[in-house]
Amino acid sequence: MELFCCQEHVEMALDEVVYECETYPVLTQVSEEKQLSTTCEYCRNVAIYLVGN
């Protein structure tokens with residue numbers, strides 16, 4: 001499971017990974033090149049983080 005999220009929704013994405021996968025989430029920052037074309041899963045803002053397991 002991988003979720004792209006903005007600063008505003010990072011806590012929501014972390015909670016969702018824990019709930020769905022029952023494991024510790026891994027939080028990584030999206031590279032500047034990818035930020036240009038990647039949007040948040042919860043809104044239309046630029047994705048800053050990738051939350052996964």
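The values are calculated or read from the model by the stated rules, or taken from the named source; none is laboratory data. Not measured: the values here are computed from a predicted model. Cβ placement follows ideal geometry from the backbone for every residue including glycine, while neighbour counts extend to all protein chains displayed. SASA here: full protein model, heavy atoms, side chains in, ligands and nucleic acids out. Shrake-Rupley method; radii C 1.70, N 1.55, O 1.52, S 1.80 Å.
Annotation: extensible slack from Glu22 through Thr39 equals 3.6 nm (criterion: 0.36 nm per residue apart, minus Cα-Cα distance).
Within the accessible area of the chain, the carbon and sulfur atoms contribute 48%, probe 1.4 Å, all protein chains present.
Scanning residues 5 or more positions from Asn45 or on other chains, those with amide H under 5 Å from its amide H are Cys40, with H placed 1.01 Å from N in the peptide plane.
Residues in the stretch 43-53 carry Karplus couplings, in order, of 8, 9, 6, 5, 6, 9, 10, 10, 10, x, 10 Hz; the curve used is 6.51 cos²θ - 1.76 cosθ + 1.60 with θ = phi - 60°, and Gly or Pro positions show x. Principal-axis analysis of the Cα atoms of the chain puts helix 10-21 at an angle of about 40° to the longest axis. Rounded to whole numbers, the Karplus 3J(HN,Hα) couplings from phi for the stretch 24-41 are 5, x, 10, 10, 10, 8, 6, 5, 4, 5, 6, 4, 5, 10, 10, 10, 5, 5 Hz, using 6.51 cos²θ - 1.76 cosθ + 1.60 with θ = phi - 60°, and x at Gly and Pro.
At q = 0.20 Å⁻¹, what base-10 log of I(q)/I(0) does the Debye formula yield for the chain when every alpha carbon is treated as an equal point scatterer in vacuo? Debye curve over Cα of the chain, log10 I(q)/I(0) at q = 0.20 Å⁻¹: -0.58. Magnitude of the charge dipole for the chain, about its Cα centre and with charges confined to Cβ atoms of Lys, Arg (+1) and Asp, Glu (-1), is about 200 debye.
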